Amino acid sequence: MKDKKYNRLGNKRNSQTDKTKKLKRGTHIGYGDRKTLGIKTDWHAFENTGSKKRFQKEEITGTIEGTKNGYAFLIPDDGGEDFFINQSDLNGAISGDKVIAVVKEKTSRRTVAKVEKVVERGIKRIVGTYFADRFGGYVVSDDPKYNTEVNVKRESSGDATTGDKVVLEITDFPKIGCPEGVITSVLGKRFSRKAEIASIAAAYNFTEGFDEAVIKEAEEVSESVKIAVKGRKDFRKDIVVTIDGETAKDYDDAVSVRKTSSGYELDVHIADVTEYVRAKSELDKSALERGTSVYFPETVIPMLPQSLCNDKCSLLPEKDRLTLSCAMKFDKNGNMTGSKIYKSVIRSKARLTYTAVFEELFEYANKNGLETEKGDSPSEKPEVENGGFSEITPDIKEMLINAFDLYMLIKKKRSDRGSIDLDVGDSDIYVKNGKVVVERAKTDFAHGMIEEFMISANEAVAEYAEKNKLPFIYRIHEKPSEEKLSALEAFLNDLSLRCDLSGTVSPKTYRDILKSVENEPIHDLVNKVMLRSMQKAKYSPENSGHFGLSSRCYCHFTSPIRRYPDLYIHRILKKFIDNKEKSGTFSDEQVMFAAAAAEKSSKNERNAELAERAADDYYKTVYMSGFIGESFKGIISGVTARGFFVELENTCEGLVKTESLKGKGRFEFDEKSLTLFSGKTRYRIGDEVEITVKDADLMAKKTEFVLKDESIRCKNKKRIVK
């Protein structure tokens, strides 16, 4: 964010440069991700270029999207190309406003527009930093796109003092000067981790607390619901266990595996949250509105009150718990031969961790077709509440061995049918002894085993719903668009990986391309670009399959504590199981609700992902602030006209600006090959470089790097960068 004094009389404010000096904001403009493969575009490169063309007045309606540098873009309502708007042509419009604009001029590179009229103000609530002055004060938004301060009168500032992170409601948009508003909440001092995370949560409209009506209802149902076996299948004598991370507090899934003469039986038991969260209740309305739990490194904003998540709906060891179970049968080759869904009751025998399961089965795994190392095990974390961790007894170990054998079979079958295994490079961020720690997330067969079992259950439930024509929420993942496939093909061909992606593309196509470079230096580069070419998965009332998993029919059934679609699916399944509804006879209202809930859940999920990413960026910046001046090796993870991003082994990322690079003349950006070049000096995704940490901007949540040396040898020996 940028700090600047404002003139109460509405005169022109200080320059952006002055703002930067007073309250430094980071340099990475988050506008990007509009290009085909998610590569950011620098509109500065378009200034004063191309031949200008004057033409007849053309009116456009759309939404303003601001930038921290003052200029803006008009996103047209008709979904066409964006328009560039100079700061002097905004006519009082602010980011988020609905406007009517006219085309001002065209060049060979862009179309420039001018705002004629503000139709509707878009943003009426901001989160930012408060600064007091003799007139009252003002708030600078955390969002760099909202590059206008909001004035706050002294009587509207509440208890806020300079440097406080606050939530502000905008009350007036004067014709002259900046908007005015009232501070509704003080979150704490800027730069404190608690206040910064509270600010991120508030910016994305997530609230940690619950309304009194929701809390009261949660307490009442916790006491009123009785654990009864009647009408349920009793699994309490089976060897059932939960397997989660060391810091997990709610356990909503448990598994049990038995070896049979014909193959294996796998039972996946999921907490029956719908016994406590009834349709249209206050709890249900709140869960639908939130849509998902949001996970930050030091805290969780739950979808449901903790009294349910961590107790009654959590599958605690040696406690009878109500569940919805998917019982599956597999043959000796890992083919699913049948499945049934039951209302059930279980009694978990143990609360296990991924680390404990990994270490217990380490020797067995290495002797039975899976090469792994002790170093692959996840880092140990402190014990938590809910009874700590359980001992692995001989009968539990026998069950785990059966589970491992089944996992290997299922994993092979999924790979054979073309399931895409792309490395997304997740981070493990936590606080130890008061200090932030960032590591690359480690996965192992223990994680993989539970993941495969959950996928199998999700597929079985989705197949059941489709067969019985239930008003359902499917999890779909469409194949990449033709535009992205064309860009990916051009990129791969540039790497001498000849392929034709113009016809019917299947998951196997992606898998085979990735497999062809499995042991090559360009593997990580191909993995990253392929990942960017993929569509985002979403929820839908109609089944269209899951491209990434190569699954014909898929849903989310296994996490009703933290995802609303799972909760809804449980409710529909139970209605059908209880014969309260027959196949294809659900009401139109129920069908419409499924469609609305699917759309809302997709939006909530995306919003939660953005909040979690912002929190991760903040923690990574805090972590890197302790290494200013130190040097590290990293891989170029993204290239733009403004510079390139370098990802370190710990997943922290920083920008190396173009102006800091040494070359023969100006650096050019080749979008097709994702390369920044000047003469023979070239930088592209996948190159290994050595950087020095120059700056860590906590306000912008961005880190800046510079190259350590003028000469860098790329990992790909065929390409040398000098």
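The values are calculated or read from the model by the stated rules, or taken from the named source; none is laboratory data. Quick caveat: nothing in here was measured; it's all calculated off a predicted structure. Positions of Cβ are generated from backbone atoms using ideal geometry, with glycine treated the same way; all protein chains shown enter the neighbour counts.
Observations
- The listed residues are Val424, Val438, and the only one of them that is over 28 Å from Pro560 (Cα atoms), among the aliphatic types (A, V, I, L, M) and not in a helix (DSSP H, G or I) turns out to be Val438.
- If you go through the range 86-108 and keep only what is in contact (Cβ under 8 Å) with a residue 60 or more places away in the chain and more than 33 Å from the chain's Cα centre (by Cα), you end up with Gly92, Thr107.
- Evaluated against (1) surrounded by 21 or more Cβ atoms within 10 Å (Cβ to Cβ); (2) in a strand (DSSP E or B); (3) not acidic (Asp, Glu), Leu308 falls short on exactly one condition, (2).
- Applying the condition of being within 25 Å of the chain's Cα centre (by Cα) and without any contact (Cβ under 8 Å) to a residue 40 or more places away in the chain to the range 476-523 and asking which residue is surrounded by the fewest Cβ atoms within 10 Å (Cβ to Cβ) yields Glu482.
- Residue check for Ile197: in contact with a Phe, Trp or Tyr (Cβ under 7 Å, 6 or more places away or on another chain) and either among the β-branched types (Val, Ile, Thr) or outside any helix (DSSP H, G or I) (or both): yes
- Inside the range 96-107, residues that are of a type in the set (S, T, N, Q) and either assigned to a strand (DSSP E or B) or at pLDDT 95 or above (or both) make up a count of 0.
- Tabulated pairs, the range 407-430, first within 17 Å of Gly369 (Cα to Cα), second loosely packed, with under 15 Cβ neighbours inside 10 Å and among the basic types (Lys, Arg), C-beta under 9 angstrom, 6+ apart or interchain: Leu409/Lys332
- Residue count for the range 163-188 under the criterion of being of a type in the set (Lys, Arg) and out of contact with any Lys or Arg (no Cβ under 7 Å at 6 or more places or on another chain): the result is 1.
Per-residue answers, yes or no, for (1) under 30 Å from Arg347 (Cβ atoms); (2) touching a residue at least 60 places away in the same chain (Cβ under 8 Å); (3) not assigned by TED's automatic domain parsing to the domain that holds Ile401:
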site	(1), (2), (3)
Thr129	no, yes, yes
Gly137	no, no, yes
Ser185	no, no, yes
Ala201	no, yes, yes
Gly231	yes, yes, no
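- Of the residues making up the range 635-656, those that are outside any strand (DSSP E or B) and farther than 16 Å from Leu676 by Cα number 4.
- Any hit, the range 162-169, residues being assigned to a loop (DSSP other than H, G, I, E, B) and under 27 Å from Glu65 (Cα atoms): yes
- Options Glu212, Glu219; residue that is out of contact with any helix residue (DSSP H, G or I) (no Cβ under 8 Å at 6 or more places or on another chain) and either without any contact (Cβ under 8 Å) to a residue 12 or more places away in the chain or assigned by TED's automatic domain parsing to the domain that holds Lys329 (or both): Glu212
- Any hit, the range 602-612, residues being over 15 Å from the mean Cα position of the chain (by Cα) and in a helix (DSSP H, G or I): no
- Pairs are defined by a Cβ separation below 6 Å, a sequence spacing of at least 6 or placement on different chains, a first member in the range 441-457 that is assigned to a loop (DSSP other than H, G, I, E, B), and a second member that is of a type in the set (Asp, Glu); the pairs so defined are Ala441/Asp426; Ala441/Asp428; Asp444/Asp376.
- Filter result for Lys662 (assigned to a strand (DSSP E or B) and at pLDDT 80 or above): no
- Verdict on Asn579 being part of a loop (DSSP other than H, G, I, E, B) and surrounded by fewer than 16 Cβ atoms within 10 Å (Cβ to Cβ): yes
- Taken together, Arg109, Arg121, Arg154, Arg125 contain a single residue that is surrounded by fewer than 19 Cβ atoms within 10 Å (Cβ to Cβ), more than 30 Å from Lys702 (Cα to Cα) and of a type in the set (D, E, K, R), which is Arg154.
- Out of Glu653, Glu659, Glu647, sole residue that is without any contact (Cβ under 8 Å) to a residue 60 or more places away in the chain, surrounded by 18 or more Cβ atoms within 10 Å (Cβ to Cβ), assigned by TED's automatic domain parsing to the domain that holds Leu707 and among the acidic types (Asp, Glu): Glu653
- Any hit, the range 217-224, residues being in a loop (DSSP other than H, G, I, E, B) and either of a type in the set (A, V, I, L, M) or surrounded by fewer than 19 Cβ atoms within 10 Å (Cβ to Cβ) (or both): no
- Qualifying residue in the range 624-634 (condition: assigned to a helix (DSSP H, G or I), out of contact with any Pro (no Cβ under 9 Å at 6 or more places or on another chain) and among the aromatic types (Phe, Trp, Tyr)): yes
- For the range 547-560, the count of residues that are assigned by TED's automatic domain parsing to the domain that holds Asp272, in contact (Cβ under 8 Å) with a residue 60 or more places away in the chain, within 18 Å of the chain's Cα centre (by Cα) and more than 26 Å from Pro480 (Cα to Cα) is at least one.
- When we screen Val241, Val268 for residues that are farther than 18 Å from Arg562 by Cα, modelled with pLDDT of 95 or more and in the same structural domain as Asp578 (by TED's automatic domain parsing), the only hit is Val241.
- Picking from residues in the range 355-371 that are without any contact (Cβ under 8 Å) to a residue 24 or more places away in the chain and assigned to a helix (DSSP H, G or I), the one that is farthest from the chain's Cα centre (by Cα) is Lys367.
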